[in-house]
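S.K.: The structure follows.
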Amino acid sequence: MNPGLLLAFDDEQPAAAALAAALGVPWAQVQRHRFPDGESKLRLPPALPAEVLLLRGLHQPHDKLVELLITVPAARALGAQRIVLVAPYLAYMRQDMAFSPGEAVSQRHIAALLAAQVDGLITVDPHLHRIASLDEVMPGCPNRALTAAPLLGAWVAQQVPGALLLGPDEEALQWVAAAGQAHGLDHAVCHKQRFGDRDVRVALPALPLVGRAVVLLDDVASTGRTLVEAATAALAAGAASVDVAVTHALFVGDALAQLRAAGVRHVWSTDAVPHATAVVPIAALLAAAVQAF
């Protein structure tokens, strides 16, 4: 893809500037105004090129999804013929099955909604556990699901040589394996039981941790409870240190403070989600995917 313009929203200026610079294309803002009743007014450039790249991270997704539903058809009306969405964080991917009768499978429905709007999607480390690829929930929509795990692995290898990468649950295996194999780091995963949004139990793998530097690595940290449990268990088992590396740093509420209180030394994340812990840039990763799209 050779986009004529990168469109981005006013709250994602640093990410937009970095991606535009990596691609060597201009970028412009989608300007937003919020009315007192909560509705939004959006303003795009009055004329758009045929190929447009639209950047929108979908953390805190509700308003952003509505804005996308307005922005995409507006962009087409202003001249865009092909619109590819870059959503570094793709919301609603974790609800991938009905765990009790009547539950909506949000992954399936949100993916279908986006597939009906755009001509392609690029994202980073979507939480795909029970499906092999986004093609299963976005049929007919070209997509690229990138992984930042090797980038995180490179950071960890530099900061903590010889670290043990530990996934806080079995679902993290795909990320710790990719990070570990790329940089020669040992890796393993814990076993997790979830009893509620903030009530989890974590069992360590059968590995000696005494004196080892452990880095907990995962795709997303939300409440942080699983990471807290894993860190507490690793330190109790004799780990010399515990750090955390994640692709998507959501860290709602006091999640970060709880990690610190549990004894976590460093918390690192990519800038896929804007956060104070972001130290690993992904603009080059995204740019390469756009150019190959």
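S.K.: Ignoring ligands, DNA and RNA, what percent of the 1.4 Å accessible area of region 1-140 is carbon and sulfur?
M.R.: C and S fraction of accessible area: 55 percent.
S.K.: Mind checking which of 48, 152, 217 has the largest fluctuation in a GNM of the chain, springs on alpha carbons under 10 Å?
M.R.: Maximum fluctuation in the GNM of the chain, among the listed residues, is at 48.
S.K.: Viscosity 0.890 mPa s, temperature 25 °C: what is the translational diffusion coefficient of region 128-282 from Stokes-Einstein with a Kirkwood Rh over Cα pairs, rounded to a whole number of µm²/s?
M.R.: Translational D for this selection: 157 µm²/s.
S.K.: Please compute the length gained on full extension between residue 65 and residue 33, using 0.36 nm multiplied by the number of residues separating them and subtracting their Cα-Cα distance.
M.R.: Here the answer is 10.0 nm.
S.K.: With semi-axes √(5λ) of the Cα gyration tensor in Å in mind, check (i) 35, 20, 17; (ii) 29, 24, 20; (iii) 30, 27, 19 and report the label derived from this structure.
M.R.: Identified label for the calculated read-out: (i).
S.K.: Whole number in Å², please: accessible area per residue of the chain, 1.4 Å probe, ligands, DNA and RNA not counted.
M.R.: Value returned for the chain: 43 Å² of accessible area per residue.
S.K.: State, to one decimal in nm, how far the label point of residue 11 lies from the label point of residue 47, with both points 7 Å from Cα in the Cβ direction.
M.R.: 3.2 nm
S.K.: Taking amide hydrogens as modeled 1.01 Å from N in the peptide plane, which residues meet the under 5 Å criterion relative to residue 59, leaving out close sequence neighbours?
M.R.: Those qualifying (amide H under 5 Å, at least 5 residues apart or on another chain) are 89.
The values are calculated or read from the model by the stated rules, or taken from the named source; none is laboratory data. None of the values given here were measured: they were computed from a predicted structure. Quick reminder, even Gly has a Cβ in these numbers, built from the backbone with ideal geometry, and neighbours come from all protein chains shown. To get the accessible areas, we keep the full protein, side chains included, count just its heavy atoms, and leave off ligands, DNA and RNA. Shrake-Rupley method; radii C 1.70, N 1.55, O 1.52, S 1.80 Å.
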